[in-house]
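These notes concern the structure reproduced below.
The values are calculated or read from the model by the stated rules, or taken from the named source; none is laboratory data. These figures come from a predicted structure and were not determined experimentally. Please note: Cβ atoms are built from the backbone with ideal geometry, for glycine as well, and neighbour counts cover all protein chains shown.
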There are 2 protein chains.
Amino acid sequence: MSLPHAILTALLEKPSSGLELTRRFDKSIGYFWSATHQQIYRELGRLEESGLIRVLPAERPARGQKKEYEVLPAGRDELAAWVGRPEDPKPVRDPLLLRLRAAGVVGTGGLVAELRRHLGLHRGQLAEYEAIEERDFPPGPSGAEDRLRHLVLRGGIDLETFWVNWLTQALADVEGGAQRSRSRDTR
Amino acid sequence: MSLPHAILTALLEKPSSGLELTRRFDKSIGYFWSATHQQIYRELGRLEESGLIRVLPAERPARGQKKEYEVLPAGRDELAAWVGRPEDPKPVRDPLLLRLRAAGVVGTGGLVAELRRHLGLHRGQLAEYEAIEERDFPPGPSGAEDRLRHLVLRGGIDLETFWVNWLTQALADVEGGAQRSRSRDTR
DNA sequence: CGGAACATGTAAAAAGTTACATGATTAG
DNA sequence: CTAATCATGTAACTTTTTACATGTTCCG
């Protein structure tokens, strides 16, 4: 259950309104924890009720009016405790790997196009991450926060690199295999 | 929504009862699509209702009695269509990357132990996958189904390798950084 | 004023998780 | 007979997703 902690982190980095948070969950934070605005508004309500965050004063609390939140000490404490709390990695659940397995029993119809499409998407994401790395993390000494953020970005880069390499190999294999089957058939 | 397709794939590979499926979702299939027995029983009910699978005849349909399911032609068709159906990769949502980012704002208390623990878990999983690869996929020519299964296993291996490498680097970085901070502090 | 963009929300459905309930079979 | 294991389920809850609803501000 990490959404509240994602929001606490984002708000500590910079107090924001729901919509501003939504935008940040489409970019930086969203690169490793995605969330929609519905999730965010609901969770903001819960966090406020639990006393972990509060609305910044001087607010007109009405629908359609901007509400800025900031983290209270209790919220910071909760986040600090969560950072070191043991939590096992979730078992993998990847539809593309599953589809490959399914293709083993019902055939690869249409799957090659889908693999190619995913390869393109992952290549695009990788390029985006690498541009960010070049822009935000020049070589040389850096503070603790910057090093941690760079490490997270590195995670994203390495993960996309894995996908690009694996998909490339998968395509070569599936297409090559299809070819081998054809040549066997025609022999 | 891939659980029904995971079950169809498993049932095509071998007709099974709910509990047998549960066990297989703890092993082979579960390596890339996990599911609990509650999910499986509920989904088996739905799939039967939709006419994609059926209970094998010669059954005593009572509580506590084994019920074996098999895939009907409609189920196979649905699975074949799903294999090529476009579906974007889900955005990444990883608690560990998030915790690293959070550590940037509230400090790394307890996180190093957690990173080390995860490194151990991923090393274990990697070893398990590699043992399976050695046992089930000896070098040499192989059929289409085997090649696809091997490809999926390769995905698991590469993914765990990514985690092992990234965690190793993260640990070196976080501990090294802490050391640098300490030596700066004491200067 | 009218429409676009901003901003916050509600409702319902689907998927996943956790805890518990119940009957059948088998080994000691 | 009784405990363990096999086997199938129910119930309650949480999380995520999708679709919709409503009000505000600003620009032309």
* To do: Hey, can you tell me all the residues within region B:104-130 that are buried (at least 18 other Cβ atoms within 10 Å of the Cβ), facing another protein chain (nearest Cβ under 7 Å), free of Cβ contacts under 8 Å to residues at least 60 places away in the same chain and among the aliphatic types (A, V, I, L, M)?
  => B:VAL105, B:VAL106
* Asked: Any idea which residue in region A:11-31 is surrounded by the most Cβ atoms within 10 Å (Cβ to Cβ), counting only those that are within 11 Å of another protein chain (Cβ to nearest Cβ) and within 13 Å of DNA strand C (Cβ to nearest atom)?
  -> A:LEU11
* **Which numbered condition B:ASP77 fails, given (1) within 20 Å of A:GLY104 (Cβ to Cβ); (2) within 12 Å of DNA strand D (Cβ to nearest atom); (3) facing chain A (nearest Cβ under 10 Å)** => (2)
* Going by the conditions given, is A:LEU100 of a type outside the set (Ser, Thr, Tyr) and buried (at least 20 other Cβ atoms within 10 Å of the Cβ)? -> yes
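Taking the condition within 11 Å of DNA strand D (Cβ to nearest atom) and modelled with pLDDT of 95 or more, does B:PRO91 pass?
Values: within 11 Å of DNA strand D (Cβ to nearest atom): yes; modelled with pLDDT of 95 or more: no.
In short, no.
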* Has region A:55-67 got at least one residue that is among the β-branched types (Val, Ile, Thr), surrounded by 18 or more Cβ atoms within 10 Å (Cβ to Cβ) and in contact (Cβ under 8 Å) with a residue 12 or more places away in the chain? -> no
* Structure fact -> Pairs returned, first residue in region A:83-99 that is of a type in the set (Val, Ile, Thr), second residue that is exposed (fewer than 14 other Cβ atoms within 10 Å of the Cβ), beta-carbon separation under 7 angstrom, 6 or more apart or interchain, are A:VAL83/B:GLY109
* Look at A:GLY75 and say whether it is in a helix (DSSP H, G or I), modelled with pLDDT under 95 and not aromatic (Phe, Trp, Tyr). => no
* Is at least one residue of region B:144-154 buried (at least 17 other Cβ atoms within 10 Å of the Cβ) and in contact (Cβ under 8 Å) with a residue 24 or more places away in the chain? -> yes
* Filter region A:78-100 for residues that are within 13 Å of DNA strand C (Cβ to nearest atom), in a helix (DSSP H, G or I) and over 18 Å from B:PRO91 (Cα atoms) and give the result. => none
* **Unmet criterion (only one of (1) of a type outside the set (S, T, N, Q); (2) modelled with pLDDT under 95; (3) under 16 Å from the mean Cα position of the chain (by Cα)) for B:LEU3** => (2)
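Out of all the residues in region A:43-65, is one or more among the acidic types (Asp, Glu), assigned to a helix (DSSP H, G or I) and in contact with a Pro (Cβ under 9 Å, 6 or more places away or on another chain)? Break it down into steps so the answer makes sense when it comes.
Quick first cut of region A:43-65, residues among the acidic types (Asp, Glu) only: A:43, A:48-49, A:59.
Filter once more, so that each one left must be assigned to a helix (DSSP H, G or I): A:43, A:48-49.
Imposing the further condition that a residue be in contact with a Pro (Cβ under 9 Å, 6 or more places away or on another chain) reduces the set to A:43.
Scanning region A:43-65 turns up at least one residue that is among the acidic types (Asp, Glu), assigned to a helix (DSSP H, G or I) and in contact with a Pro (Cβ under 9 Å, 6 or more places away or on another chain).
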* Hey, does region B:32-40 have a residue that's within 11 Å of DNA strand C (Cβ to nearest atom), part of a loop (DSSP other than H, G, I, E, B) and more than 10 Å from every other protein chain (Cβ to nearest Cβ)? -> yes
